[in-house]
Amino acid sequence: MQLRDSHLFVSPSDLTVYLACAHASRLSLDVAHGCLARPEVDKPDAEMLARKGDAHEAAYLARLRAEGRTVVEITLDKETWFDGAASATEAAMRAGADVIYQGAFVHDGWRGLSDFLLRVERPSALGEWSYEVLDTKLARTAKPSHILQLCFYADEIARIQGVPPPGAPPVEIHVLLGSGEQASFRSDDFAAYYRRIRGRFRDFLAAPPATEPYPCDHCALCDFSPLCEAWWEQTDHLSRVAGAQRRHVAALQAGGITTLAALAATPTDTTVAGIPRATLDKLRAQAALQQRRTAEGPLVELLPLRTNAGFALLPEPSPGDLFFDIEGHPFWEVDGSLEYLWGVTDPADDFSALTADSRAGERAAFEAFVDRVTAARAADPDLHVYHYAPYEVTALRRLMGRYGSREQEVDDLLRGGVLVDLYSVVRNAVRVSEPSYGLKALESFLPAFERLAEVKDGGTSIVEYERYLATGDETVLDGIKAYNREDCISTRLLRDWLLERKSEALATLPPAPPPPPPRERPEVSLEKQIAAEERAAAREALRAGLLAAAAAAP
């Protein structure tokens, strides 16, 4: 959003932000009006995504030029702002350029830069041609936010070149996905939805309502995240309760329960419309445990033992056990992510890592890891490979399919229950006092463990890996390995901690009842024994007679 000459101008991106988080739109509006300073937030992962997006866009531009198409590139002029660029875009459209790159539009308080306008041979007010819009996106599938942005550009194009006459081919909008696939849609199919969302956004801007933040996917990219996090902490917001979903929070607030502390203090016979009793009991217990943490430190409660979940999924330790963690780059190239580091430790925390910077390297690392586990199982058939959350299993399955390699070995690991997801154990075995059940949150219960690596999270690991590729500096790669090693050690320590909790849970079981005494066989009288023997002899004589008659028959 931008205030220019006392007029507010918004962009298609502002519309998609509104759809994702109305509170972020309210804060952006306050910034535009000078009521709030936009926080300066260092988001290296967001910057990396922006660079990847720019590279994806540049590659498509180069492809268009290689095809021999004439490309008109529009640039913004500081003197004329968007007005000059919009005039240049319209001029290029009327001149019939094959491709218009970074086409600009300004109209009715909106302004935006499209990625590409592509000429199609369809008569319009321009002449024997018209234009359709294409945006490049890193995503693997087209999203509603992409469609909304494209609908804005389609409307602006129609304003200049006119609406196709009845019977003309439908106007399409296009997304070039990160996979390299082009997804195309009829703009008319989404026009009503776009107008409704745009109308709601216009009403929002005209009379901004009071809003409050709630965690969402947009938080990872939002500059206002520090403000929202501080507000959640200050207000003791219900979103801080681990496992509470947005619908739960809305139902609790509607029932007059508005803070974590209030939920923790809710009587056990309380009912809340829209939340089943069992779910409310879990949320109340979780909130109570988090409430106690402030005064008592990290706390854990054992959940009731279950037959096929929780501690039942945690095997006994074996000398050959391994602890496994993958670092993956989700935006490596058009055909998917690259699993660039495979870290493994043993019970003595002896660490080794396999690295990859290409598809060939990824395949080699995948095969080497599977071969290592297969050989280790031959030496210790009872070993297990522990990891946290399902990413590692998903990656193994994906790479098995991608390379058509080690299918039998991976299948054996999966069917044999060799891979143990400790997250599945945790979620059904214990309740902890942390606002998250991520691996790093659970390190509160591992007092002997301290992270020392400079890399602190997976997003930074990806950014550092990009830096390693750009510089070839092995010390950068060593920093990523140090982070991965700490993840593997943390996994091992968590496994050991869970084994202790499992022993505690089993100790609470009541002793097994003694086996029933053997049943005494009733005594059989002599007369009954003789009668049974006579019947058996008669049966045998009859059988012998029947066999003899059958043998003598012609």
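The values are calculated or read from the model by the stated rules, or taken from the named source; none is laboratory data. Fair warning: this is a prediction, and the values are worked out from it, not measured in the lab. When we count neighbours, we look across all protein chains shown, and the Cβ atoms used for this are built from the backbone with ideal geometry, even at glycine. SASA here: full protein model, heavy atoms, side chains in, ligands and nucleic acids out. Shrake-Rupley method; radii C 1.70, N 1.55, O 1.52, S 1.80 Å.
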Residue count, the stretch 248-273 (criterion: in a loop (DSSP other than H, G, I, E, B), small (Gly, Ala, Ser) and open to solvent by 70 Å² or more (accessible area, probe 1.4 Å)): 2
Tally time: how many residues in the stretch 186-208 are outside any helix (DSSP H, G or I), out of contact with any Leu (no Cβ under 8 Å at 6 or more places or on another chain) and surrounded by 12 or more Cβ atoms within 10 Å (Cβ to Cβ)? 1
Taking the stretch 491-505 and keeping only residues that are small (Gly, Ala, Ser) and either open to solvent by 10 Å² or more (accessible area, probe 1.4 Å) or within 9 Å of PHE323 (Cα to Cα) (or both), one is left with SER503
In the stretch 399-418, which residues are of a type outside the set (Ser, Thr, Tyr) and part of a loop (DSSP other than H, G, I, E, B)? GLY404, ARG406, GLY416, GLY417, VAL418
Among the listed residues ARG377, ARG292, ARG372, ARG363, which satisfies the condition of being in contact (Cβ under 8 Å) with a residue 12 or more places away in the chain and within 30 Å of ALA244 (Cβ to Cβ)? ARG292
Given the condition free of Cβ contacts under 8 Å to residues at least 40 places away in the same chain, open to solvent by 20 Å² or more (accessible area, probe 1.4 Å) and closer than 16 Å to GLU339 by Cα, answer yes or no: does some residue in the stretch 468-490 qualify? yes
Of all the residues that make up the stretch 386-398, how many are in contact with a helix residue (DSSP H, G or I) (Cβ under 9 Å, 6 or more places away or on another chain) and either outside any helix (DSSP H, G or I) or open to solvent by 50 Å² or more (accessible area, probe 1.4 Å) (or both)? 6
One residue is enough: does the stretch 234-247 have a residue meeting the conditions open to solvent by 80 Å² or more (accessible area, probe 1.4 Å), assigned to a helix (DSSP H, G or I) and over 26 Å from VAL430 (Cα atoms)? yes
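Would you confirm whether any residue within the stretch 435-457 is part of a helix (DSSP H, G or I), under 30 Å from ARG359 (Cβ atoms) and free of Cβ contacts under 8 Å to residues at least 60 places away in the same chain?
Yes.
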Check THR211 against each of (1) free of Cβ contacts under 8 Å to residues at least 60 places away in the same chain; (2) surrounded by fewer than 16 Cβ atoms within 10 Å (Cβ to Cβ); (3) among the polar types (S, T, N, Q) and name the one condition it does not meet. (1)
Limited to the stretch 73-110, what total is found for residues that are under 22 Å from ARG122 (Cβ atoms) and either open to solvent by 70 Å² or more (accessible area, probe 1.4 Å) or not in a loop (DSSP other than H, G, I, E, B) (or both)? 11
Quick check on my filter: what residues within the stretch 111-134 are surrounded by fewer than 20 Cβ atoms within 10 Å (Cβ to Cβ) and within 25 Å of PHE201 (Cα to Cα)? LEU113
